[in-house]
Amino acid sequence: MEYRTQSMDTTLMKWLGGVALGALAMYISDPSVGRQRRAMLKDKVTHYRSRTQKLFSSRVRDVRNRISGLQAEASKFLATRKAELGNPQVTEGSIDLSTNPELPPAPKAAGWVAGAVAVGVLTWLVTSRR
């Protein structure tokens, strides 16, 4: 009964990798059609790089817009909550959590909100496909 060791497997994989790399180099540097293949490869790399940049920038813009929307909703909610607690002169843009002891402490609430937003954004990024 013959036992295979890890060194035999890695040697075989290195050998196969070298053969594949040599075949790729030969395919690309072919004197008759190699220039056309290199040009086509360059065009494909440029296309996919541009496509990836557009996708990434649209995702970043979408996440930025979602976060600003969440911020606006939270600001409106907190203004409404402060008005209900007896401070009617508060508007959406002028919220100070340190003056009202009935509201939760700002660092604790901010941590929960940041965690929820992060989980929501990561879930959306993983599950959405465009």
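Couple of notes before you dig in:
- Cα gyration tensor, the range 1-77 - rounded (a/c under 1.5), prolate or oblate: oblate
- Couplings 3J(HN,Hα) of the range 24-35, computed from phi: 5, 4, 5, 5, 6, 8, 4, x, 7, 10, x, 4 Hz, in residue order, whole Hz [Karplus 6.51 cos²θ - 1.76 cosθ + 1.60, θ = phi - 60°; x for Gly and Pro].
Coordinate-derived values only; no laboratory data. The structure displayed is predicted, hence computed values, not measured ones.
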